[in-house]
Every structure is written in structure tokens, then in C-alpha cells.
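Colleague: Mind looking over this structure? Questions follow.
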Amino acid sequence: MLTSILKRTAVTAVALAGLTTAAFAQLELKIMAPAAPGGGWDGTARSMQQALTASGVAKSVQVSNVPGAGGTIGLAQLATSNKGDGSTLMVNGFVMVGAILLNKSPVTLAQTTPIARLTAEALVVVVPANSPVKDAKDLADRVKADPAKVTWAGGSAGGADHILAALFAGTVGADASKINYIPFSGGGEALAAMLGGRVTAGVSGYGEFEGQIKAGKLRVIGVTSSARLANAPDAPTFKEQGVNLEVLNWRSVVAPPGITAEQRKTLGDAIEKMAKSKEWAEILKARGWDDAYLGSADFETFLKGEEVRVEKVMREVGLVK
Amino acid sequence: MDTLLALANGFSVALEPTKLLFCLVGVFLGTAVGVLPGIGPALTVALLLPVTFKMDPAGSLIMFAGIYYGGMYGGSTTAILLNAPGESASLATALEGSKMAKAGRGGPALATAAIGSFVAGLIATIGLAFLAPWLVEIAIQFGPWDYFALMILAFVTVSATFGDSPLRGLTSLFLGIMLGLVGIDKLTGQARMSFGVPELLNGIEVTTLAVGLFAVGEALFVASKRLREPEEIIPIKGSLWMTKQDWKRSWAPWLRGTAFGFPIGALPAGGAEVPTFLSYSTEKKLCKFPEEFGKGAIEGVAGPEAANNASAAGTLVPLLTLGLPTSATAAIMLAGFQQYGLNPGPLLFAEKPDLVWGLIASLFIANVMLVILNLPLIGLWVRLLGVPQPWLYAGIIVFATMGTLAVNPSPVELGFLFGFGYLGYLMRRYDYPVAPMVVGLILGPMAEAQLRRALQISLGDPMILLENPGSATLLGISFIALVAPFVMKGMNRFKAAED
């Protein structure tokens, strides 16, 4: 029920900038969150609204929600209704890459204009504190012995958590198409399944499990970043345990197709200014997000790489045929 | 003793004038958005999040909790007066409540809903304060198999909403279950019955179906027979307030409703709907005047209304103790906690006792404020029924349309609303009950997902449903509830034959 209420709830909010005289202050932006209020993309859009106006980069920012189908409904709207509109941005991220393939979306990210990558969150694989699985090697041995007997709990099918479970199996040399991945609606239910000891391992963003990890109810098997997390120096990475696995749940902004090079530069400059502001830094700290800023051109290259990687995994696990 | 001390400390925080003001603003907003169909507490809290960023964390969280409780109070108003449940949790309330309103007993219906909500809110908040740490230990032991068994029990009790013909009731139920199959399958991510329409990938929205079938369908039906056999609506008959008899018939359903709502609300995937259905059918079974059910029995309002408010407090148990959001509003409140760098969970009680206990204490205060705010409003609300029918029903259609568009501004959604409205008209015209269809849409997908998760965990062995004591017990109760009426009937016939 929760997600079905969430996914359709839509909000339009207007925030007016305070008294500001900065150079960009004439800029009026619209940011679309292709999801319902309360989720990660919505949170990113509203945080951008806050940072853009508070730092004086934009005069006004309006946030709207177009929920549905992993963001592909919002994506379709951006590509058609907003074509050539130089004042609209859409928040998106890693999850949308998979959703496009899964939902056979007629519009893809290649049709949008990449503006910037903003944040990234490492994923974490955990087991209940009383589990016999001690580290990544233990888990790898079990997956190799019989992938079907290792049950994974995480978010929606085809999302970042699912892709990580498949990548793990593939990386350690097991058959990724045989993994027993159980999607739960929202991190909450998956967390309950973990704490109840119902499943072998759980996957989520580090933040979602942080409280339980610190309380000693869950044990970290590995984090998916290249180096240990600053806020969790005790949690080992997969890489240091010899499993060559790196997945980041990144979030970014794109603009509609058909905008001019000049419009692209204006948007890119504005977002860069925001991403380097102290207001944005404060938000990142409060929310526990990592700064992963990449400018327009670098982000475009990065995005292409991720699209190839995700499609390969989704074919392997049979999500896309 | 520690809990009492902590709670007393919480009250000293919550009784500060500024906190009281936040609480008042919260309950007022909550009541208002609860009454307007379409705008719910989840949306309101989401809108306020960016505004409250710089405000005092305790104050804003107290306001959010006030909105949450207030929304649960306000939701019953439209369900009772206009037969238009604005959210799925007040569906069961609409069944008897709207019949009472038509018979001139709107006042007592609203009163039993408000006082029932107060009683349930009070008991459930006490439960939250004193039992949360233990309850949550039990709640997380609830596995997918247990949820599946709970859904089956809810399915069995749906028959209480069937009216006279089980066949028609089952037809309606299965239509709802079929609608529940539409959209992306949660477990494999594949689209089902979406016919290439992207809007269908998310499935059929429960509120659209409920508002279409109930409100729009009712309006069309009333309009269709207005010239031939005009229906008499009596705005007020007898007392506006509850009679002695009403009190006598309400208090036990309030307590039973609370007993369903609080523990099920505390389950990570329990929700507010299942306890309202269980309460409705229990009251129907226990009622001394079963012939009144379907015609406006006060027990059918008192029980479900208490159940849905108690479940709201139940939802806060996993939210505060584990950081598990189990409703849309709770999910956004979690975002609210996080914007202040607070992580609800086992450590929050130890790290920020003032904030947590202040919040819990403010829930008691919000509850008192709500009942004081709502009781005098009853006289005003009931006057709505005095509005001439064409105006009233035209207004309902306007509000239903606005509400649907506010939630999802999409022409496809609007088409669904009126398609379901026409279907609701046809079902009334040919005497099919509409409630089982909505219940089917709510329970069908939940039962399916939980069963498949259970089987995935057991590697395909169905015995898992009977091996676990929780699910085995619940399935046993469902079985007894299903066959008992037939057995009793047979026994009676046997006795009659012997005589």
C-alpha cells in the first residue's frame, strides 16, 4: 500500500528566493522529480530548490512531481512536453537506467541533455548479527555452492539493490540468473525481514541500515565504494576483500532534449555554482549524501558507461530479454 | 518507572507554549486536509518539509504528528456524510456511516467516530509509550507467511460486506482482485495487463477506484432515479448528539477496534485497511441488532474508526524504534527526521530522549485538541446534508475530480475515475455491492506478494505456511470463520429434522 500511495501523490511547491542580488538571480527554474514526494529523487529536487535559492543562484525554483514507473513517465514528459525548454530540469539516477530497460520505455536517457551528476551513495550488504556468514568470502562461497539457497532482500526488482546482488554473484563466479532475490516495497520491509532473520543477506543504501548496524543488530559484509566510508570506518569494502565490485547509487540532473548549447551552458554553470555552494555542502552533510559532482560533458560519458553495464546485468539475470 | 519519568519529562517539553502552538497548527491543518478528498496528510507534510528546514526539530516533528493524527480524524467526515471515503482506511466507515447520515443520524455517526478516534488514539498512544520496545520485537518476527495468513483472514471476513447475495459479492470481489493484477509485478518487475499504456504500469490506484465507485457512482445513481423515485434525505432526525443507547452500543466496538488497529498498525506491513475490515466484520457478528447492518448500525462506524486511528499510533512504533516507515505519511516523517540529521532507530531513544518523549507526549495533547476541535464542528458538517440534492451531488463530483487530479494530474487517471464511476452506477443499478471490489484491489496484490515472498524464502515449499505457528494459527481461524456458518446451519437443520 505504502508505495502505491506514495507513487501517485504529487506535489507542486513554489519557493521564492530571499533577498538576493547574485548574478544568477534572474534565473527561474523548474525541477521535476519523476517520483512521489518522500523518496530520494523528490528529496534531491527539494534540496536543490533550497540550495539554489538560498545561495542566490536562482531567483525562484518550482518543484513538481510526476510519479510512476521508475521515473519513466516523468522522462517521457520531459522529452515530449518540455522539448527545447531551457528552464526545466529533471532529477534522475542509477535506478532510472534499469527502469527504462525494464519498462521498455520508448524514451531513453540518450534523448535528454545531461547536466550534472550530483550525489552518490554506496550500497551495503548486511547479514543479521547472529548469521554464520562472517565476510564477503563466506557469502561468495555460499553463492557459488548454490545461488538459489542464498536469499537476498532489497528494494524493487531491477533497482540498484537487485543489480548489486546480480553483480556480486557474477563477480564471484556464480550464475547470476539463478540468484534468489526477494524485492520488498521500500527499505523498511526489507529491514524487518533482515532483523527477523528471514533472509541470508540484505542490500540497501548505507544510510538506511546505519542505525541497526551501529546498534549491533546487523553486520556489514561489504560496502560497494572504492574506499571505506568516512562515517563508517569499520565497514570493509568489497574491493579490499578481493571481490572486485563497485556500485554507486548516483543521482543527477538532466535537461530536456533540443536545448541550445548556450542554454546547456547556463544550466550547467548554475548547477555547478550550486554544487560548490556552502548551502549545498550543508545539505549533503545533513542528509548523509556524498558529493559526486561531475560536469555536463564528464557526466555524459559516465552515463553511457553505466547504461552498458546495467543492460548487461539485466540481461544476465533475465529481467530484460 | 523509567518510562513514566521519561514521559513526564516529555510532557514538560510538549507543554511549552511554542510546542503547543505547533501542535495546534498541526491538528488544525490535519483536520482540514483530512476532510478535503485527495489531499492527505502525506502530501501536506511533504509540502511543509522544505519550509520547516530551519525550524526547531522538535516543534516541526510535533506539528507533523499533529497533521497525521488530524488527517485520521478528518478522513471519516466525508466518508460518513458524502459516502466518499477519501482514503482506503475510511472505507469501512463509509459503509454504515453514510447510511446513518441518510437516515438523519449523521450527528451521532460523526460523534461516535470522533470520540472513538479519541479513545483509540489515547489507548494506542499509551501503548506506544509503554509497549513499543516489546511490541516491535514481536512485530519483526512476522514473516511473509504470517502476512499472507493475515490477508487470508481479512479475505474471509470480507463476506460481511457482501449484502444479501454471496454470488454478487464474490463477483465484485474478484473484479477487484483482477484489477489488482494490472501493472508492474512487484517480484519480477514484468508488466502485466498494462496494454502498453505507461500510466497502467503503476497499477490501479485504490483511492481512484474507491472515489469513483462510491462518490461518482452514487451521484450518477441518485441522478438517474431522482425523477422517478426521489430519495428522501433527512438531515437531522432526533438528537444531534449520541443518545444513551448510542453510547452503550459504541464503547465496546471502540475498544475492540483499538485492539485490532494498534498491533496490526505496528506490523511493518500491516497497514490501516486490514484492521478496519476485521473490526467491521467482528462488529457485524457480535452486534445485538444484526438486521441494522447495511442500514446504518452505529457499531459499524465506531469499530472501524477506532481501528484506523489506533493503527496510526501503531505505525509510529516501528518508525520510532526501528526507523521503519510503514505508511506514506510515516515515510515522509522519516524524511523529516533525517533533514535534521536524526535517525530514528534503536539509538534515538538514548540519544535524544527529550525529542522522542516530547513527541509522544504531544500525541496525547494532539488527541485532546482534536476531540475538542471536532465535536463542535459536527453541527456544522451535518448541515451539509440539508443542501439540495442536485447541488450536493454536483459538489461531490467537483471535489472528487479535483482530488483525483491533485494526486495525479493525468487525463488517464481522470478517465479511470469516471469509468469506475459509471461502473459503480451499473453495480448499484443491478444490485451488486461495491465495497468488496475495493477490498479486492487492496488485499489481492498484498496477499499475492507476501505468498510469493514466502515461497521464495522456503525455496518453493508450501508447507512453510503451516509450519510457522503464527501463520498456522491465523489460517486455522480463517478456516473456522469460513466453515462455521455452514456447520451451524447444518446443525440447525439437523435439529429441526429431529424435532
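Colleague: What pairs come out if I take residues in the range A:69-89 that are assigned to a helix (DSSP H, G or I) and pair them with residues that are open to solvent by 40 Å² or more (accessible area, probe 1.4 Å) whose C-beta lies under 6 Å away, six or more apart or interchain?
Modeller: Cβ pairs passing all conditions: A:69/B:198; A:73/B:198; A:79/A:111.
Colleague: Here is a check on your reading of the model: is residue B:445 within 14 Å of chain A (Cβ to nearest Cβ) and either assigned to a helix (DSSP H, G or I) or in contact (Cβ under 8 Å) with a residue 40 or more places away in the chain (or both)? I'd like the intermediate steps shown before the answer.
Modeller: Working: within 14 Å of chain A (Cβ to nearest Cβ): yes; either assigned to a helix (DSSP H, G or I) or in contact (Cβ under 8 Å) with a residue 40 or more places away in the chain (or both): yes.
Considered against the rule, which asks whether it is within 14 Å of chain A (Cβ to nearest Cβ) and either assigned to a helix (DSSP H, G or I) or in contact (Cβ under 8 Å) with a residue 40 or more places away in the chain (or both), residue B:445 comes out as yes.
Colleague: Sticking with this one: From the residues in the range A:163-186 that are under 21 Å from the mean Cα position of the chain (by Cα) and facing another protein chain (nearest Cβ under 8 Å), which one is modelled with the lowest pLDDT?
Modeller: Ranking the candidates gives A:186 first.
Colleague: Cβ contacts < 7 Å: first residue within 11 Å of another protein chain (Cβ to nearest Cβ) and in contact (Cβ under 8 Å) with a residue 40 or more places away in the chain, restricted to the range A:40-55; second residue among the charged types (D, E, K, R) and not in a helix (DSSP H, G or I), any location; separation 6+ or different chain. Result?
Modeller: Between residues of the range A:40-55 that are within 11 Å of another protein chain (Cβ to nearest Cβ) and in contact (Cβ under 8 Å) with a residue 40 or more places away in the chain and residues that are among the charged types (D, E, K, R) and not in a helix (DSSP H, G or I), the close pairs are A:40/A:251.
Colleague: Has the range B:459-470 got at least one residue that is more than 25 Å from the chain's Cα centre (by Cα), surrounded by 14 or more Cβ atoms within 10 Å (Cβ to Cβ) and part of a helix (DSSP H, G or I)?
Modeller: Yes: one or more hits.
Colleague: Being over 28 Å from residue B:207 (Cα atoms) and crowded, with 24+ Cβ neighbours inside 10 Å narrows it down to one residue among B:311, B:362; which is it?
Modeller: Residue meeting the stated conditions: B:362.
Colleague: Could you run through the range B:171-194 and say how many residues are facing another protein chain (nearest Cβ under 9 Å) and open to solvent by 40 Å² or more (accessible area, probe 1.4 Å)?
Modeller: Number satisfying all stated conditions: 5.
Colleague: Additional query: What tally of residues in the range B:5-24 results from selecting those that are free of Cβ contacts under 8 Å to residues at least 40 places away in the same chain and among the hydrophobic types (A, V, I, L, M, F, W, C)?
Modeller: Counting residues in the range B:5-24 that are free of Cβ contacts under 8 Å to residues at least 40 places away in the same chain and among the hydrophobic types (A, V, I, L, M, F, W, C) gives 3.
Colleague: Report yes if residue B:177 is closer than 30 Å to residue B:468 by Cα and either within 17 Å of the chain's Cα centre (by Cα) or of a type in the set (A, V, I, L, M) (or both), otherwise no.
Modeller: When the stated conditions are applied, residue B:177 passes them.
Colleague: Got a sec? Which of B:382, B:438, B:368 is open to solvent by 30 Å² or more (accessible area, probe 1.4 Å), of a type in the set (Val, Ile, Thr) and part of a helix (DSSP H, G or I)?
Modeller: Going through B:382, B:438, B:368 in turn, just one is open to solvent by 30 Å² or more (accessible area, probe 1.4 Å), of a type in the set (Val, Ile, Thr) and part of a helix (DSSP H, G or I): B:368.
Colleague: Something else now. Please go through the range A:196-225 and give me each residue that is touching a strand residue (DSSP E or B) at 6+ places or on another chain (Cβ under 7 Å) and open to solvent by 40 Å² or more (accessible area, probe 1.4 Å), ordered by number.
Modeller: Hits for the range A:196-225 are A:197, A:219.
Colleague: If you go through the range A:276-301, how many residues are open to solvent by 70 Å² or more (accessible area, probe 1.4 Å), within 14 Å of chain B (Cβ to nearest Cβ) and either within 15 Å of residue A:54 (Cα to Cα) or hydroxyl-bearing (Ser, Thr, Tyr) (or both)?
Modeller: 1
Colleague: Please verify whether residue B:376 is modelled with pLDDT of 80 or more and surrounded by fewer than 24 Cβ atoms within 10 Å (Cβ to Cβ), treating the condition exactly as stated. Full working, then the answer.
Modeller: Working: modelled with pLDDT of 80 or more: yes; surrounded by fewer than 24 Cβ atoms within 10 Å (Cβ to Cβ): yes.
For residue B:376, the condition - modelled with pLDDT of 80 or more and surrounded by fewer than 24 Cβ atoms within 10 Å (Cβ to Cβ) - is met.
Colleague: With assigned by TED's automatic domain parsing to the domain that holds residue A:135 and open to solvent by less than 30 Å² (accessible area, probe 1.4 Å) as the only criterion, which of A:255, A:270, A:235 stands out? Don't jump to the end; show me each part of the working.
Modeller: On the way: A:255 fails: assigned by TED's automatic domain parsing to the domain that holds residue A:135; A:270 fails: assigned by TED's automatic domain parsing to the domain that holds residue A:135.
Criteria check complete, one pass: A:235.
Colleague: Out of contact with any strand residue (DSSP E or B) (no Cβ under 9 Å at 6 or more places or on another chain) and either within 14 Å of chain A (Cβ to nearest Cβ) or surrounded by fewer than 23 Cβ atoms within 10 Å (Cβ to Cβ) (or both): which single residue out of B:400, B:335 fits that description?
Modeller: B:335
Colleague: Kindly evaluate residue B:298 against the criterion of being facing chain A (nearest Cβ under 9 Å) and open to solvent by less than 10 Å² (accessible area, probe 1.4 Å).
Modeller: no
The values are calculated or read from the model by the stated rules, or taken from the named source; none is laboratory data. What you see is a predicted model, and the numbers here were worked out from it, not measured in a lab. Virtual Cβ from ideal backbone geometry, glycine too; neighbours counted across all protein chains shown. We work out accessible area using only protein heavy atoms, side chains counted, and drop any ligands, DNA or RNA first. Shrake-Rupley method; radii C 1.70, N 1.55, O 1.52, S 1.80 Å.
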